[in-house]
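Read the structure below first, then the notes.
The values are calculated or read from the model by the stated rules, or taken from the named source; none is laboratory data. Given the structure is predicted, the values throughout are model-derived calculations rather than measurements. Every residue, glycine as well, gets a Cβ built from its backbone with ideal geometry; the counts of neighbours run over all protein chains shown.
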Amino acid sequence: GAESGVKVGDRFAVFSIGEALIDPVTGANLGAEEKQTGTAAVTDVQPKFAIATVTGTADAKAVLKRLP
């Protein structure tokens, strides 16, 4: 929301995050595959949240990354 600097018109890429990749030898988490599934444009901003229109697909676990 606004407290995080989000403004109406801001655009974000929407990503689906895959399963964690674990190194079989060390057990270290190597990260996870990220696949862009859409974009989001902010249409309304409140202090703690924002509402966006999504083009493409997004689910409850989607990750948003601000576009330039």
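Descriptive notes on the structure:
Residue-by-condition table, conditions (1) under 12 Å from VAL14 (Cβ atoms); (2) at pLDDT 95 or above; (3) of a type in the set (Asp, Glu):
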| site | (1), (2), (3) |
| --- | --- |
| GLY27 | no, yes, no |
| GLN36 | yes, yes, no |
| THR39 | yes, yes, no |
| GLN46 | no, yes, no |
| ILE51 | no, yes, no |
| VAL54 | yes, yes, no |
| LYS61 | yes, no, no |
| LYS65 | yes, yes, no |
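- Those residues of the range 2-31 which are more than 26 Å from LEU67 (Cβ to Cβ) and of a type in the set (Gly, Ala, Ser), in sequence order: GLY27, ALA28
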